[in-house]
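The values are calculated or read from the model by the stated rules, or taken from the named source; none is laboratory data. Here the structure is a predicted model, which means the values were calculated and not measured. Here the Cβ is made from the backbone with ideal geometry for all residues, glycine too, and neighbour counts use every protein chain on show.
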Amino acid sequence: MSTDNQLSHSVRRLTASARSFTPSHEQDDADTREYLRMIASLHEEWDRLESQASASVMPQRHLMDAILAETRHGAQVEMPATDLGPYSISEFSLRALIRRHAVDCVPGARALRSSFEYAPSSEDHRGVGVPEIITCRISAHVNVGSLPQLAQQVRDAVRATCRENLGVSPTVNVHIEDLHDDN
Amino acid sequence: MTTSLSAAELAHLVTAVPGVRGIEPGIGSTLRAIGSRIRQQDPQQARFGVIVEEGSRRVVIEIGIDDSRPVKDIVRDVQETIIRSLSQAGDSDDASEAREDSDSCIGDQRAPRVTVRVQSLL
């Protein structure tokens, strides 16, 4: 018998044993005891197989990959639908878009981290709504002459990227958090 | 509209759209695909990252894209590809139905609702 089907075989045997009791009010206590014994036995066997790294009790690899990806990607952000249907993008993608296509394209600016405030999402969407406010934390090069002007350039770039790529026009706040002097 | 186009075939069509790097499943479609296998349903209708609901009235597709084109243009092309393909497959399945121009399915109320989830942008 392979390790993979050890658990299922055991559970079948115990379940069959549990079924042998005729359900009745008088036997409720006995059934409950038997059920608890079965669960305890199942836990013991699960622990044993888990300690042996048996695949029968391990999460599937693709499921674990999906959970990790979901954690990395963050919430799905609702976007204005195209003329053919709804769509959303992950916070991870939205952050990448703003960093690569907007902030880092402005000479003298370097993206640190962006955060979002969202409108309420529609009923159909399981995630957050359209971004209404984007806050960009950036680092400015020490040689930048005017920090207010740099902030405005970043703001304009983010708004243009959001409009062209997503069709949204959020308010953009820029916070210059650091200075850097490397290239 | 009925269709015989499988989730597996849809996945191939979508990955051919310029700007799409690949099917990138989220946790929702992964669980649905596993659930479908456990219930021993048609494996062709269950793919990680592609959800085709019964009767093809609603499709959810999860993709990773690149930055070669505006996001909304890539998404629209994916939606158009799916709607067109499902409609053409539906036409093929129902020989008694008058053949329509493939473009007529776009904007048709019978057209499936295609939801695109962009998981990553590389």
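Below are the figures for this structure:
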{"item": "A:Ser121, sole failed condition from (1) free of Cβ contacts under 8 Å to residues at least 24 places away in the same chain; (2) under 29 Å from B:Arg113 (Cβ atoms); (3) more than 8 Å from chain B (Cβ to nearest Cβ)", "result": "(1)"}
{"item": "Only one of A:Val144, A:Val168, A:Val158 that is out of contact with any Phe, Trp or Tyr (no Cβ under 8 Å at 6 or more places or on another chain) and buried (at least 22 other Cβ atoms within 10 Å of the Cβ)", "result": "A:Val158"}
{"item": "Residue within segment A:166-182 that is in contact (Cβ under 8 Å) with a residue 60 or more places away in the chain and in contact with a His (Cβ under 7 Å, 6 or more places away or on another chain) present", "result": "yes"}
{"item": "Residue selected from segment A:47-100 under the condition closer than 24 Å to A:Thr171 by Cβ and charged (D, E, K, R), by the criterion nearest to the other protein chains (Cβ to nearest Cβ)", "result": "A:Arg100"}
{"item": "Among (1) surrounded by 18 or more Cβ atoms within 10 Å (Cβ to Cβ); (2) at pLDDT below 95; (3) farther than 30 Å from A:Ala140 by Cβ - the single one A:Glu78 does not satisfy", "result": "(2)"}
{"item": "Filter pass, A:Thr161 being more than 30 Å from B:Val60 (Cβ to Cβ) and more than 9 Å from chain B (Cβ to nearest Cβ)", "result": "no"}
{"item": "Test for A:Gly129: is it at positive phi, surrounded by 12 or more Cβ atoms within 10 Å (Cβ to Cβ) and either modelled with pLDDT of 80 or more or within 8 Å of chain B (Cβ to nearest Cβ) (or both)", "result": "no"}
{"item": "Top-ranked residue of segment A:132-158 - restricted to ones that are of a type in the set (S, T, N, Q) and in a helix (DSSP H, G or I), ranked as farthest from the other protein chains (Cβ to nearest Cβ)", "result": "A:Gln149"}
{"item": "So A:Leu179, is it surrounded by 14 or more Cβ atoms within 10 Å (Cβ to Cβ) and over 30 Å from B:Val75 (Cα atoms)", "result": "no"}
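Let's see how each residue does on (1) in the same structural domain as A:Ile89 (by TED's automatic domain parsing); (2) free of Cβ contacts under 8 Å to residues at least 40 places away in the same chain; (3) outside any helix (DSSP H, G or I); (4) of a type in the set (A, V, I, L, M, F, W, C):
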position	(1), (2), (3), (4)
A:Arg33	no, yes, no, no
A:Leu36	no, yes, no, yes
A:Ser41	no, yes, no, no
A:Glu45	no, yes, no, no
A:Leu49	no, no, no, yes
A:Ala53	no, yes, yes, yes
